[in-house]
Amino acid sequence: MSIVLKSFNSKLLQFYVSLLINFFKSKGSSSIKVVFLPVKKKKWSVIKSPHVHSKSKDQFEMRIYSRLLIINSLNLNNLFYLESILKKGFSRGLSLSFKYNN
């Protein structure tokens, strides 16, 4: 099974990754890998005043941090239980996606 976590806040993401690692270790999963995915950056500029001062612009940047958790040797009942808990209890600003490998 693999879980992809995405967030705008790197500290929030790291907190939930450590929380998931502790959960899987308590359930008896022996092999857990954390893969740091590249940070995606989006940049854009907005003109402050469109009429006279068109050269003055505000610049913005958005960063999306991602982690991939790869978990082996966990039974299906625990996986579905974990998925239901995670989708209900996770905070805002964090995105989850699950992939089940056969």
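FYI, it's all coordinate maths here, none of it is from the lab. Worth saying up front: this structure is predicted, and the values here are computed from it rather than measured. With ideal geometry, Cβ positions are generated from the backbone for all residues, glycine too; neighbour counts draw on all protein chains shown.
If the limit is 23 Å between Cα atoms, which of Lys11/Lys48; Lys6/Lys42; Lys27/Lys87; Lys6/Lys99; Lys42/Lys87; Lys6/Lys88 go over it?
Where the Cα-Cα span goes over 23 Å, the pairs concerned are Lys11/Lys48; Lys42/Lys87.
Could you check the simple spin-label distance between Ser56 and Phe15, using points 7 Å along Cα→Cβ, in nm with one decimal?
According to this spin-label approximation, the distance is 3.8 nm.
Binned at 10 Å from 0, what are the whole-percent values of the Cα-Cα distance distribution for the chain, short to long?
Going from the shortest bin to the longest, the percentages are 13, 39, 22, 11, 9, 5, 1.
How tilted is helix 76-89 with respect to the longest principal axis of the chain? Cα atoms for both, answer in degrees (0 to 90, nearest 10).
30 degrees
Sorted by average packing, counted as other Cβ atoms within 10 angstrom per residue and highest first, what order do 59-69, 5-15 take?
My ranking of the peptides, most packed first, is 5-15, 59-69.
What spacing in nm lies between the two simple spin-label points modelled at Ser97 and Ser31, each 7 Å away from Cα in the Cβ direction?
2.4 nm
Rounded to the nearest 10 degrees, what's the angle between the helix 10-26 long axis and the longest principal axis of the chain, both from Cα atoms, 0 to 90?
Around 0 degrees separate the two axes.
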